[in-house]
Amino acid sequence: MRTAAATTGKRRRYWLSLAALVVVLPAAIVVNSWDSLSEWRRGRLTTPIDVERGAGQAYAGAQWQLTGLTRLPGATPETTLVVAEFDAAVDDPALLQAGPCTIALTDDKGRRWLPAFLPGRAVRQGRPAAADKPRCYGLARAEKGKTVSMAETFTVPGNAAGLALSLSIGGARPAYLVFR
């Protein structure tokens with residue numbers, strides 16, 4: 001009788017182990033390949049459209065323009081806050097809303113920074129109008145003929161030079177804008 005119960009217990013553990021593999025194995029693959037997936041995703045943005053500061057560029061259903069790239073004191077002496085302000089004059093809301101808006105700041109050394117989650121007190125004091133502007137993901141309510149003014153805040157090293165703002169909309173990839 002003991003052998004039948006032991007055999008049933010072994011069989012149950014065997015099947016539970018197989019079921020756990022179905023869950024754990026794909027999760028382990030995703031975790032171990034996350035960096036590669038991120039690099040692959042960045043690599044998909046392969047067609048930059050260079051835009052001079054102050055100039056407008058048609059892209060993803062809107063006319064885009066960088067209106068300001070302002071440096072403010074950072075939280076530490078080694079950092080600087082950069083407030084990027086940009087406008088999108090909406091031509092085709094469906095194209096504009098075809099995918100997520102992704103934005104990053106790069107420098108002449110190839111370093112890349114993503115936007116800060118919240119603008120912070122320094123932005124509210126130095127550029128109060130920018131602190132209240134919607135962020136890039138605010139395009140969901142864009143209407144034809146309207147101009148959406150947006151702002152993003154980045155924390156960068158104080159020695160960052162040659163800053164460029166890159167912007168992409170999911171539906172317009174592999175092309176993306178680079179404001180230099």
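The values are calculated or read from the model by the stated rules, or taken from the named source; none is laboratory data. Please read these numbers as outputs of a predicted model, since none were measured by experiment. Ideal geometry is used to build each Cβ from the backbone, glycine not excepted, and the neighbour counts take in all protein chains shown. Each accessible area value is taken on the protein alone, full model and side chains, heavy atoms only, with ligands, DNA and RNA left out. Shrake-Rupley method; radii C 1.70, N 1.55, O 1.52, S 1.80 Å.
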Hits in segment 99-115 - residues which are open to solvent by less than 60 Å² (accessible area, probe 1.4 Å), within 16 Å of the chain's Cα centre (by Cα) and not hydroxyl-bearing (Ser, Thr, Tyr): Gly99, Cys101, Ile103, Ala104, Leu105, Trp113, Pro115
Residues of segment 46-79 being among the small types (Gly, Ala, Ser), over 20 Å from Pro93 (Cα atoms) and in contact (Cβ under 8 Å) with a residue 12 or more places away in the chain, in sequence order, are Gly54, Gly68, Gly74, Ala75
What number of residues within segment 143-180 satisfy the criterion of being open to solvent by 50 Å² or more (accessible area, probe 1.4 Å) and of a type in the set (Ser, Thr, Tyr)? 2
Taking only segment 66-89 into account, find how many residues are open to solvent by 30 Å² or more (accessible area, probe 1.4 Å), in contact with a Pro (Cβ under 8 Å, 6 or more places away or on another chain) and not hydroxyl-bearing (Ser, Thr, Tyr). 1
Number of the condition not met by Asp92 [criteria: (1) touching a residue at least 40 places away in the same chain (Cβ under 8 Å); (2) surrounded by fewer than 18 Cβ atoms within 10 Å (Cβ to Cβ); (3) within 21 Å of Gly162 (Cβ to Cβ)]: (3)
With criteria (1) open to solvent by 70 Å² or more (accessible area, probe 1.4 Å); (2) more than 15 Å from the chain's Cα centre (by Cα); (3) without any contact (Cβ under 8 Å) to a residue 40 or more places away in the chain, Ala140 comes up short on (3)
Touching a Lys or Arg at 6+ places or on another chain (Cβ under 9 Å) and modelled with pLDDT under 95: does that describe Asp50? yes
